[in-house]
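K.L.:
Below you'll find the structure I mean.
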Amino acid sequence: MAVFPQVRLRRLRRTEALRALVRENRVAVGDLIFPMFIVEGKGVKEEITSMPGIFRHSPDRLPPEIEEVARLKIPAVLLFGIPKNKDETGSSAYHPEGVVQQAIRVIKRSVPELIVITDVCLCEYTSHGHCGIVTDGQVNNDQTLPLLAKMSLSHIEAGADIVAPSDMMDGRVKIIREALDEKGFQHIPILSYAAKYSSAFYGPFREAAESAPQFGDRRGYQMDPPNVREALQEVEQDIAEGADIIMVKPALAYLDVIRQVRNAFNYPLAAYNVSGEYAMVKAAVQRGWLDERRVVTETLTAIKRAGADIILTYHAKEFAQWLQDE
Ligand code: PBG
């Protein structure tokens, strides 16, 4: 093996052009998905306190937002709905005039080629804030499944391109696949939140989506953070049930999980750079403690280096703008 002084690793670090030539990983704008919060009502655009720069929009306020996403060449958005009425069974989640269904139609009218992905989960729609039907104080897996299928179908009928179940019920990918196929939607992909951990990093999201559980927590259905073999089982099951794209969530404290999933499966892999990860960066940047552009670029690149193909991130618009400015 050649060694110093023949080998000098610094030779390829001397200028930006040399560094760029040997760079192993890059984030492209085409890798990004921008999550958005849609609130029922008219004329609403309100900033989320713990997520500076991220807003809740009512469907009628979406067109300028969506045109900006398109101008930045971000290929896809992920929609979360915040309904006026919540009930025990989350019925506004699968109502044809539900807030997400309205938003899908508005988006498809303004930028038809933008990929519209919808989050499929009942937590924003239930009065108790859990991701499924509650019976005897427990989230009932099998009674929740048909509602998730109904919700998925209703999003696709409104014009969505991909459904993304995030509820963590066992068997949901299978039942959603069957429901879509039965109605002639064989061509619609499922992006499954396959390895979704019960994480404290979702804190700001629950404020944004008004979806905090009213009793207990989500540890009975989301994954236990110390586990990684179990993540491989989750992914294996979801692929067997028909998932087209798999996801690991959150991203930063779980880069090892992303790498292991990447090594074990030949499926497109997404990682969700979640609300708490965004909030930490924003808070430090606001205090002048971190350089935003460098920290965000380093973070998103790390998620790719770990093995993700696709990154869901609230930084998508800023990052896309920086790429355009280069
Ligand atoms: C809905 C859902 C959550 C997130 C995405 N889908 C919250 C949760 O599970 O409590 C979190 C996203 C984020 O923190 O950015 N179940």
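The values are calculated or read from the model by the stated rules, or taken from the named source; none is laboratory data. Keep in mind that this is a model prediction, so the values were computed, not measured. Cβ atoms come from the backbone with ideal geometry, glycine included; neighbour counts cover every protein chain shown.
K.L.:
Within the range 211-227, identify whether any single residue is more than 15 Å from the ligand (Cβ to nearest atom) and in a loop (DSSP other than H, G, I, E, B), and answer yes or no.
P.N.:
Yes, the conditions are met somewhere in the range 211-227.
K.L.:
Of (1) crowded, with 19+ Cβ neighbours inside 10 Å; (2) more than 19 Å from ALA160 (Cα to Cα), ALA28 satisfies all except one. Which?
P.N.:
The failed condition is (1).
K.L.:
Further, regarding this structure: Sort through ALA243, ALA194, ALA231, ALA208 and tell me the only one that's part of a strand (DSSP E or B) and buried (at least 22 other Cβ atoms within 10 Å of the Cβ).
P.N.:
Just a single option satisfies the conditions, and that option is ALA194.
K.L.:
Sticking with this structure for a sec: If you check every pair at least six apart or on different chains, which have Cβ atoms under 7 Å apart with a residue in the range 207-236 that is more than 18 Å from VAL274 (Cβ to Cβ) first and a residue that is part of a helix (DSSP H, G or I) and small (Gly, Ala, Ser) second?
P.N.:
Filtered contacts from the range 207-236: LEU232/ALA264.
K.L.:
Select, from VAL69, VAL77, VAL100, the only residue that is within 15 Å of the ligand (Cβ to nearest atom) and either more than 20 Å from the chain's Cα centre (by Cα) or in a helix (DSSP H, G or I) (or both).
P.N.:
Exactly one of VAL69, VAL77, VAL100 is within 15 Å of the ligand (Cβ to nearest atom) and either more than 20 Å from the chain's Cα centre (by Cα) or in a helix (DSSP H, G or I) (or both), namely VAL100.
K.L.:
Given the condition in a helix (DSSP H, G or I) and more than 25 Å from SER50 (Cα to Cα), answer yes or no: does some residue in the range 266-281 qualify?
P.N.:
no
K.L.:
Identify, from the list ILE175, ILE188, ILE162, the residue that is within 17 Å of the chain's Cα centre (by Cα), more than 12 Å from the ligand (Cβ to nearest atom) and either under 21 Å from MET36 (Cβ atoms) or not polar (S, T, N, Q) (or both).
P.N.:
ILE162
K.L.:
Could you check, for the range 45-56, whether at least one of its residues is among the acidic types (Asp, Glu), surrounded by 16 or more Cβ atoms within 10 Å (Cβ to Cβ) and modelled with pLDDT of 95 or more?
P.N.:
Within the range 45-56 (the criterion being among the acidic types (Asp, Glu), surrounded by 16 or more Cβ atoms within 10 Å (Cβ to Cβ) and modelled with pLDDT of 95 or more), the answer is no, since none of the residues qualifies.
K.L.:
Moving on. So which residues in the range 124-159 are within 19 Å of the chain's Cα centre (by Cα) and among the hydroxyl-bearing types (Ser, Thr, Tyr)?
P.N.:
Listed by number, the residues that qualify are TYR125, SER152.
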